[in-house]
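The values are calculated or read from the model by the stated rules, or taken from the named source; none is laboratory data. All figures in this text were calculated on a predicted structure; none of them were measured in a lab. Every residue, glycine among them, receives a Cβ derived from its backbone with ideal geometry; neighbour counts consider all protein chains shown. When the accessible area is computed, the model is the full protein with side chains, heavy atoms only, and any ligands, DNA or RNA have been set aside. Shrake-Rupley method; radii C 1.70, N 1.55, O 1.52, S 1.80 Å.
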Amino acid sequence: METSDTKNAKQNRMASITMRGIAIGCIMAVVISFGAPYGRQVIQGTSLALTSATPAAFFLLFVLLLTVHILLSLCGRRWGLKRGELLTIFFMMMVSSAIPTKGVTGLLLPIITGTYYYHTPENSWETNIHPHLPNWILVEDQRAVKEFYEGGPRDGAVPWDAWLPPLSAWLLFYAAFYLTQTSIMVVMRRQWVEHERLIYPLMQVPLAMIQDDDRENLLKPFFGNRLMWLGFSIPFLLMSIYALSNYSPIFPPLRFSAPVDIYRQTLQLTFGINFLMMGFAYFINTNVAFSLWFFYLLHKLQEGVMMHLGLETVQAELGWWTEPGMGHQMMGAMIALLVASLWVARPHLKNVLHKALHPDSQIDDSSEIMSYRSALMGILLGTGIMWVWLWQTGIPFWIVPVFIFAGLTIFTALARIISETGLPIIKATMIPAGFTLSNVGVPALGIKGIIATGYTMVWCGDLLVFMMAPLANGLRLSSEAGGNRRRLFWSIAAVMLITLVVSVWYTIELAYRHGSMNLLISDHYAAEPSRLATEKLANPTGPSLSGYMRMGGGALFMSFLVIMRQNFLWWPFHPLGFVVSHGSVMNGIWFTIFLAWMIKAVILKYGGVTYYRKIQPFFLGLALGHIVVGGVWLVIDGFTGMVGNRIHLYS
């Protein structure tokens, strides 16, 4: 009979972070580095690495548990993948998935080449823009650029001498950028996971998948649950019919949403169901879920009224990915959210600072992947390198902190929102480029500054996927791991480097083989830096008073919601609903969140917590089934040669 000490020792051993787990994680990073670009650029199918939920990691964990884990277990039960190893592998796969498409590679390559390919006598970029470009971060060789877009010679040789210098410069930036984000999340992990006990709905699926029992079967208990398979089968069957409709007209092209025009056709609401979101939304706090759909409808009403009255287009364009009106309001709300979060975390942050300054103190940071001293040094070092790097691109020294502040505020706020709401994707309607243009104006930036501003869109432009979200979710998983957690820092650093190098190399190879214009390497963003610079230099707007007012209004209303939430238990509105309502992604999932909220509320009212927990596997299956069917058909399309057979995951 096992004693409690023996049982605890066994559990700690099962949860330990091992070199085998890290090695498999690195191998899976290579798989993602090849698979994600090929799936998006060549097959042009379901994008498993195009959201901050990192569906590729979920799909590959599913495959690993039903193949590698079973094969190893057949050799001996002790050979099977342990809980700690699976946590490590999944964390590493999430981090890897945030890089190969629009996380880095899909934006970096076209943006650092586009100005040289799309310049014409009509746009005058060659005379007005090119003399002021930060050439050391761009590919200048005209032939190398032309072959990137149109395809290279038959031998497919890539002129790496033209690519390596700018890519090395960007590698330095991303090293500092990722160090900063990792360090921030390490500092905030204990506050979010242990003190505030955020739910992390996205992580409920992998945690359930790797859960063990005392029977030590080949299959994890999760895969023996019939209710899970029932939920899994619904999206798998329906989405398979949708995928088959692209192969044969016998199968109907199922539609899962329908737009409805309302308020004199000044706005549109989409009513639809998304199985991925339905599965995750079941785990969201009912108060948060209610606020998500309520504030979205309120936001759409506000939008419709303003459009009807002609009050929406009051400010000049601020570039791609920034909405001049609502973007300011959302940015103000995110700043207020971050300030409120830091205020609540005061005692924890005080302990972090004390431990960093006095390593011998009794405050324990052994459960973190970095010591608190290393994390604070990482923040200082990372932001310092980013500051100098951005300054050297042409942005005035004193304006660089505005970009860094805006970027880190957006990433931290969105990571917090994803951790608490489980939204598979959320996009800010304001990015650092638009924030800076609105707050300091074009004259302060100067010619070189406004041109360099466009290139900040590489690292903070299209926020479909960004690194801080998988870091936040992964550090939640690390709380379940035992042993030496410091290994996790070096494992995710290795994965970042592997995926950056391999995905960039492979995507460039694909472009020279097929021509990036025939792929989906986001070439429609390639001209944006020079287009924005031309527009702003022709119309050099100053700081925006209306922008300040709308930002202040968003911050004030957000602060009001936070105060009411913290001081009155009866208050029904959660502040996160107001922030999220500004994101366009809510257009396709608000009704699903409403349905999940209603189902959960009814179950809790009439069945209580017991029935709520009994039904959880069904909703876990819904989410997993939607991801797996996308991955399965991506593999099938790869073998059959089908192009464009895309199962949408978040709309």
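Here are the numbers for this structure:
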| item | result |
| --- | --- |
| Sequence-distant residues sharing a close amide H with PHE271 (under 5 Å, placed H) | ALA258, VAL260 |
| Efficiency of FRET between THR610 and ARG255 - r from beta-carbon atoms, R0 45 angstrom, step 0.05 | 0.75 |
| Cα-Cα pairs of the range 362-507 separated by more than 22 Å (percent) | 52 percent |
| The chain: calculated mean residue ellipticity at 222 nm from DSSP helix runs of at least 4, using -39500 (n - 2.57) | -20500 deg cm²/dmol |
| Loop-exposed trypsin sites (Lys or Arg not before Pro) per DSSP, neighbour cap 11 Cβ within 10 angstrom, longest uninterrupted part of the chain | 265-651 |
| The range 491-524 residues near the modelled LEU381 label - backbone nitrogen below 15 Å, point 7 Å along Cα→Cβ | 491, 493-494 |
| Under the Karplus curve 6.51 cos²θ - 1.76 cosθ + 1.60, θ = phi - 60°, whole-Hz ³J(HN,Hα) for the range 424-436, x wherever Gly or Pro sits | x, 7, 8, 10, 6, 8, 9, 10, x, 4, x, 4, 5 |
| Under 5 Å, built H, 5+ apart or other chain: amide partners of SER16 | GLY84, GLY482 |
| Solution diffusion estimate, µm²/s, Stokes-Einstein, the range 59-188, Kirkwood Rh from C-alpha pairs, 10 °C, viscosity 1.306 mPa s | 85 µm²/s |
| At R0 = 35 Å, FRET efficiency that the Cβ-Cβ distance of GLU509 and LEU338 yields, to 0.05 | 0.30 |
| Cα→Cβ-extended label distance, 7 Å offset, between ASN123 and SER366, nm | 5.8 nm |
| Accessible area per residue in Å² at 1.4 Å probe, computed on the chain | 40 Å² |
| Inter-label distance, nm, simple model (7 Å from Cα along the C-beta direction), ILE273/GLU216 | 4.3 nm |
| The chain, relative contact order in percent, only Cα pairs under 8 angstrom and at least six apart counted | 33 percent |
| Fully extended contour minus Cα-Cα distance, from LEU545 to TYR247, at 0.36 nm per residue | 101.8 nm |
| In order through the range 550-562: 3J(HN,Hα) via Karplus (6.51 cos²θ - 1.76 cosθ + 1.60), integer Hz, x for Gly, Pro | 6, 5, x, x, x, 5, 5, 5, 5, 4, 4, 5, 5 |
| Listed residues ILE363, ILE395 arranged by accessible area, highest first, probe 1.4 Å | ILE363, ILE395 |
| Label point distance in nm, MET517-PHE557, each placed 7 Å from Cα along Cα→Cβ | 4.5 nm |
| Pairs of alpha carbons in the range 125-214 whose separation is greater than 21 Å (percent) | 63 percent |
| Cα gyration tensor shape for the range 187-288, rounded if a/c is under 1.5, else prolate or oblate | oblate |
| Accessible area of the chain belonging to carbon and sulfur atoms, whole % at 1.4 Å probe | 64 percent |
| Alpha-carbon spread of the chain, three principal axes, descending order, Å | 81, 69, 65 |
| Filter on LYS220/LYS614; LYS220/LYS600; LYS300/LYS605; LYS300/LYS427; LYS82/LYS614 - keep pairs with C-alpha separation over 20 Å | LYS220/LYS600; LYS300/LYS605; LYS82/LYS614 |
| Efficiency of FRET from Cβ geometry, PHE223 and LEU74, R₀ 22 Å, rounded to 0.05 | 0.90 |
| Calculated from backbone phi, Karplus (6.51, -1.76, 1.60) coupling profile of the range 277-288 in Hz, x at Gly/Pro | 5, 4, x, 6, 5, 4, 8, 6, 3, 4, 5, 5 |
